[in-house]
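K.L.:
Can you keep this structure in mind? I'll have questions shortly.
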Amino acid sequence: MRPWPVNGVAFGGDYNPEQWPRSVWPEDMELMRRAGVSFVTLGVFSWSWLEPAKGEYEFGWLDEIMDLLDANGIAVDLATATATPPPWFSTAFPQTLPVDHDGHTLWPGSRQAWCPSDETYREHALALTGALASRYHEHPALAMWHVSNEYACHNLPCYCDTCAAAFRRWLRRRYATLDELNEAWGTAFWSQRYTDWEQILPPRRTTSFANPTQQLDFSRFGSDTLLDFYQAEKQVISERSPGVPITTNFMTMAGFRLLDYHQWASHQDVVSTDHYLVDTLPDQRAELAFADDLTRGLAGGQPWMLMEHSTSAVNWQPVNHAKWPGQTIRDSLAHVARGADTLGFFQWRASQSGSEKFHSGLVPHAGADSDRFREVCELGAVAARLGELVGSVVESDVALLWDYQAGWAASGPAMPSSQLEYADTGLTIHRLLRERGVTVDVVHPGADLTAYRVVVVPTLYLVSDENAAAISRAAEAGAQVVVTFFSGIATPDDHVRLGGYPGAFSELLGVRVEEFFPLMPDETVALEHGGAGRLWSEDLREQGAEVLDRYASGPLTGRAALTRRTVGAGDAWYLATLPDDERLGRLLDDVLAAGDVHAVSAAPAGVDRVRRRGDRGSWLFLVNDTTSQQPVNADGYDLVADRLVVGSLTLPPGGVAVIREG
C-alpha cells in the first residue's frame, strides 16, 4: 500500500470520475500532475455505480481508475460509498427513509436519505464496505479508508418509528429503571411520568415546549447511533484491510453541532474535517480560525486533515460569492497554520450537472485555461514546499472550553433568553484573542488543562462535577481561569443547580448570583470603567471575590459585573455580561498579562500570526486578512515566496508568508 504523501502538505480532493466519460480520465491525470495533486478521495457517492442491483457488484471502472491513479503517483483515500444509497435500495426498502420533526417522510432524490437506526440499511452498507475492503486492500494506490461522508448532515435527527424503538433501547442502557429515567427527565412536571418503556417517543412536534432532558438525551442518542454505525464499518475494514488508516470527515464549522465530535475523535486513526466559509457570518476569518482550533483540539493537538473546502464559491447559500484572486491560497494556508497537514477540496472537476454543478472545483467550468486553475497550480507548488513542517504542532498557552452537549442543553426550550446562542460568547473571545496574536486551543472541559496559562470557560451551561473540579484545579495550579455568565448552571441531566448561580463554579469564583437579567437585542448596560455590556446581566453578589467593574446603568446599577478571586497559584475571573469589544479586549489584556501570555509575534492589525514547531525547527505563519499591504518584521526563509527574508517583508493584500525561522 502507498504511504500517505509526506514529501509536502498532501494536496488534492474529492474525485468523482463516474460523473465523466472515460475519455476525460487521461486529461484528469495530466492536470493533476500539473497541479501537484498528491491524493484524491475516491468514490464518495458511487454506490449506484458499484452495486447497480442488490448483490451485483461492478468494480471494473473503479479498478481502472485506481490503476490510473497509481500509475500517476497519486494516493487514494478510498470511500466506502455508503453516504447515500442507490434508488433501487430505497424503492425496495421504503421503511429505511428518514422522517422529520413533523412526521414527513424524506424521500429519495437528494442524498443521505436513510434512517440512522435502520438495520436493513446497515446490513447493505456493511456488505458493500466489506466487498470494497477485500478487493482493494492490496492495491498499491490505497493509502486510507474514508467511511461514509459528513455524517448527520441531512438525516439527523430522524423521528421515525425505527428511531423511536432504538431510542427506547438506548434509554434502557442509560437508565436501569423507569424511576431513574423519570427522575432524570423531571417527569413530575406537566404530568409526564412514564409507567412503561413503550410510552416513550422521540421529542416529536408537540403542543408546547418539549421536555428539555428528553431533547438532550435524543441528541445524545442520535450522535451515539451514528458513531455506532461508523464503528461497525470501521470494524469491517479493519478485519479485511488491516493496517490502513481509517477516518470520516467531520464538519467542525461553529454552526454544525449535531454530533458530539469529542466522543467520535478517539475512534479516528487521523482526525479529518470539512470547512466552508459562510457568507452570512459577521467575521468569516474568525470562524475559520475557531473551527481549525477546535479540530486541532479534537486531534489532541496533533496535525489533522482538511478533507474538504472550496477553491471559490459554494452552491448552497442564498448568494454564493466567488473568492477573490489569491483567496484560494490564503484560505488553504490559514488552515495549515492551525494544524492541517492535508489540503483537500470538493471537488476535482466542477460538475456539469446535478445539485452541486455551481460548486467550485479545482478544475472550474472554464477549464485549465483559467486564473482559478493557475492559482490551484500555484497552491500545489507551495504545498510541496511545505513538506518540512509536516508533523509539527501549533503552540498555544490558552485553552477555550467547548462542549457539544452543553451546547445542546443551552439550546433547549424555554431558556432565559432566545438571544443567547451557545457559540457566540466563545467565538467573540476567541476572535479578540486572535486579533492580539494569541493562539487558542479549543478543547473539551474534560481535557488535560495543566499545561495552559489561561483557561476560558464561555457559557458552559451544563457541566459535570468532575469537569468543574478539573477547571478549579487548573486555577489552583496557576492558570488564569475566566468564566462567563450562564456557566455551571445545570447538571448533565439538565437540572438546575440550586443555591444560586453559577452553580458548579460559585465556590471557585467567590460569587453568588440571585437572578438573571437578560437584555433585549437593542439593550445595553453601561459599565463603570467604560464600555457597555449587551445580551446579558445578572444580580451578582461577591462572596470573597474582588470587584473589578460594576454596572453603571439599568436596574443593577452598582452591582458587580466583573470579579476576580485568587485561587491557589492562579486566579478565577467572572464576567457577568458580554462587554463591547473594546472593554472586553481590555479585560483579556489584563488576563493575558496575569498569565504571562504574549502574542506569537508583533504585527499590524489584521495580520493573523501562528507558530508551528517540530523536530526540524519552527515556522511562523503570517496571514494578511486586510485589503491593503502590511509591513511585518520577520527573519528567515519564506516558503511561499521561496526567498530569504531579512528584517522585514511586505504582505500584499490577502497575502501569506510561511517563515522558516532561524
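K.L.:
Name the single residue that is farthest from the chain's Cα centre (by Cα) among those in the range 551-563 being open to solvent by less than 70 Å² (accessible area, probe 1.4 Å) and not small (Gly, Ala, Ser).
P.N.:
Leu556
K.L.:
Okay, next question. Being of a type in the set (S, T, N, Q) and more than 22 Å from Gly361 (Cα to Cα) is the filter; apply it to the range 290-321 and report the residue that is surrounded by the most Cβ atoms within 10 Å (Cβ to Cβ).
P.N.:
Thr295
K.L.:
In addition: Filter the range 361-374 down to the residues that are open to solvent by less than 20 Å² (accessible area, probe 1.4 Å) and either at negative phi or not in a loop (DSSP other than H, G, I, E, B) (or both) and list them by number. Walk me through how you get there before you give the answer.
P.N.:
Filtering the range 361-374 for residues open to solvent by less than 20 Å² (accessible area, probe 1.4 Å) gives 361-363, 367, 370, 373.
Within the range 361-374, Gly361, Leu362, Val363, Ser370, Phe373 meet the criteria.
Table: residues versus (1) in a strand (DSSP E or B); (2) open to solvent by less than 10 Å² (accessible area, probe 1.4 Å); (3) under 21 Å from Met144 (Cβ atoms); (4) without any contact (Cβ under 8 Å) to a residue 24 or more places away in the chain.
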position	(1), (2), (3), (4)
Asn7	no, no, yes, no
Glu18	no, no, yes, no
Thr41	yes, yes, yes, no
Val44	no, yes, yes, no
Ile65	no, yes, yes, no
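K.L.:
Given the structure, is Ser48 surrounded by fewer than 21 Cβ atoms within 10 Å (Cβ to Cβ), polar (S, T, N, Q), under 30 Å from Met1 (Cα atoms) and modelled with pLDDT of 95 or more? Spell out the reasoning first.
P.N.:
Working: surrounded by fewer than 21 Cβ atoms within 10 Å (Cβ to Cβ): yes; polar (S, T, N, Q): yes; under 30 Å from Met1 (Cα atoms): yes; modelled with pLDDT of 95 or more: yes.
Yes.
K.L.:
Could you run through the range 21-39 and say how many residues are open to solvent by 50 Å² or more (accessible area, probe 1.4 Å) and either in contact (Cβ under 8 Å) with a residue 60 or more places away in the chain or not hydroxyl-bearing (Ser, Thr, Tyr) (or both)?
P.N.:
Number of matching residues: 7.
K.L.:
Which members of the range 608-662 meet the condition of being farther than 21 Å from Ala289 by Cβ, open to solvent by 40 Å² or more (accessible area, probe 1.4 Å) and either of a type in the set (Ser, Thr, Tyr) or assigned to a strand (DSSP E or B) (or both)?
P.N.:
Once the filter is applied, which keeps residues that are farther than 21 Å from Ala289 by Cβ, open to solvent by 40 Å² or more (accessible area, probe 1.4 Å) and either of a type in the set (Ser, Thr, Tyr) or assigned to a strand (DSSP E or B) (or both), the range 608-662 yields Pro631, Asn633, Tyr637, Arg643, Leu644, Ser648, Thr650, Arg660.
Residue-wise test of (1) surrounded by fewer than 17 Cβ atoms within 10 Å (Cβ to Cβ); (2) within 23 Å of Leu128 (Cβ to Cβ).
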site	(1), (2)
Trp190	yes, no
Asp196	yes, no
Ile200	no, no
Leu226	no, yes
Val236	no, yes
Ser241	no, yes
Ala254	no, no
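K.L.:
Surrounded by fewer than 22 Cβ atoms within 10 Å (Cβ to Cβ), assigned to a strand (DSSP E or B), of a type in the set (Phe, Trp, Tyr) and in contact (Cβ under 8 Å) with a residue 12 or more places away in the chain - does that describe any residue in the range 570-581?
P.N.:
The answer is no, given that none of the residues of the range 570-581 is surrounded by fewer than 22 Cβ atoms within 10 Å (Cβ to Cβ), assigned to a strand (DSSP E or B), of a type in the set (Phe, Trp, Tyr) and in contact (Cβ under 8 Å) with a residue 12 or more places away in the chain.
K.L.:
Under 7 Å between Cβ atoms, which residue pairs at least 6 apart in sequence (or on different chains) link something in the range 403-415 that is in contact (Cβ under 8 Å) with a residue 60 or more places away in the chain and surrounded by 20 or more Cβ atoms within 10 Å (Cβ to Cβ) with a partner that is of a type in the set (Val, Ile, Thr) and not in a helix (DSSP H, G or I)?
P.N.:
Ala410/Thr459
K.L.:
Please verify whether Ala603 is out of contact with any Pro (no Cβ under 7 Å at 6 or more places or on another chain), assigned to a strand (DSSP E or B) and either at pLDDT 95 or above or more than 17 Å from Val398 (Cβ to Cβ) (or both), treating the condition exactly as stated.
P.N.:
no
K.L.:
Quick one: which of Arg534, Arg583, Arg541 is closer than 21 Å to Val457 by Cα and either touching a Ser or Thr at 6+ places or on another chain (Cβ under 6 Å) or of a type in the set (Phe, Trp, Tyr) (or both)?
P.N.:
Only one candidate passes the filter, namely Arg534.
K.L.:
Hey, could you check the range 477-517 for residues that are within 29 Å of the chain's Cα centre (by Cα) and farther than 24 Å from Gly570 by Cβ and say which is most open to solvent (accessible area, probe 1.4 Å)?
P.N.:
The selected residue is Val496.
K.L.:
Out of Cys115, Cys163, report the one residue that is within 13 Å of Gly222 (Cα to Cα), open to solvent by less than 10 Å² (accessible area, probe 1.4 Å) and under 25 Å from the mean Cα position of the chain (by Cα).
P.N.:
Cys115 is the lone residue from the list that is within 13 Å of Gly222 (Cα to Cα), open to solvent by less than 10 Å² (accessible area, probe 1.4 Å) and under 25 Å from the mean Cα position of the chain (by Cα).
K.L.:
Looking at the range 392-402, is at least one residue within 19 Å of the chain's Cα centre (by Cα) and farther than 25 Å from Asp625 by Cβ? Step through it out loud before you land on a result.
P.N.:
From the range 392-402, those within 19 Å of the chain's Cα centre (by Cα) are 393-394, 396, 398-402; that's our starting set.
After this cut, where a residue has to be farther than 25 Å from Asp625 by Cβ as well, the list is 401.
Yes, some residue in the range 392-402 is within 19 Å of the chain's Cα centre (by Cα) and farther than 25 Å from Asp625 by Cβ.
K.L.:
For the range 73-111, how many residues meet the condition of being part of a strand (DSSP E or B) and either closer than 23 Å to His146 by Cα or at pLDDT below 95 (or both)?
P.N.:
Final tally of qualifying residues: 5.
K.L.:
Does the range 195-221 hold any residues that are part of a helix (DSSP H, G or I) and either in contact (Cβ under 8 Å) with a residue 12 or more places away in the chain or touching a Phe, Trp or Tyr at 6+ places or on another chain (Cβ under 6 Å) (or both), and which are they?
P.N.:
Selection gives Trp197, Glu198, Pro212, Thr213, Gln214, Gln215, Leu216, Asp217, Phe218, Ser219, Arg220, Phe221.
K.L.:
Considering only residues of the range 121-149 that are outside any helix (DSSP H, G or I) and not aliphatic (A, V, I, L, M), which is surrounded by the fewest Cβ atoms within 10 Å (Cβ to Cβ)?
P.N.:
Glu138
K.L.:
Then there is this: When both residues are 6+ apart or on different chains and their Cβ atoms are under 8 Å apart, which pairs have a first residue that lies in the range 168-194 and is farther than 23 Å from Ser117 by Cα, and a second that is among the aliphatic types (A, V, I, L, M)?
P.N.:
Once the first residue is farther than 23 Å from Ser117 by Cα and sits in the range 168-194, its partners that are among the aliphatic types (A, V, I, L, M) give Asn182/Ala188; Thr187/Leu181; Tyr194/Leu178; Tyr194/Leu181; Tyr194/Ile200.
K.L.:
Would you be able to say whether some residue in the range 458-465 is farther than 21 Å from Gly300 by Cα and of a type in the set (Phe, Trp, Tyr)?
P.N.:
Yes, the range 458-465 contains at least one residue that is farther than 21 Å from Gly300 by Cα and of a type in the set (Phe, Trp, Tyr).
K.L.:
Turning to a different aspect of this structure: With closer than 19 Å to Ala383 by Cα, outside any helix (DSSP H, G or I) and either among the acidic types (Asp, Glu) or under 15 Å from the mean Cα position of the chain (by Cα) (or both) as the only criterion, which of Leu306, Leu277 stands out? Before the answer, list the steps.
P.N.:
Working: Leu277 fails: closer than 19 Å to Ala383 by Cα.
Matching residue, one of Leu306, Leu277: Leu306.
K.L.:
In addition: So how many residues does the range 51-63 have that are open to solvent by 70 Å² or more (accessible area, probe 1.4 Å) and within 22 Å of Ile246 (Cβ to Cβ)?
P.N.:
1
The values are calculated or read from the model by the stated rules, or taken from the named source; none is laboratory data. Owing to the predicted nature of the structure, the values given are computational and were not obtained by experimental measurement. Cβ atoms come from the backbone with ideal geometry, glycine included; neighbour counts cover every protein chain shown. Calculation scope for accessible area: heavy atoms of the full protein, side chains included, ligands and nucleic acids excluded. Shrake-Rupley method; radii C 1.70, N 1.55, O 1.52, S 1.80 Å.
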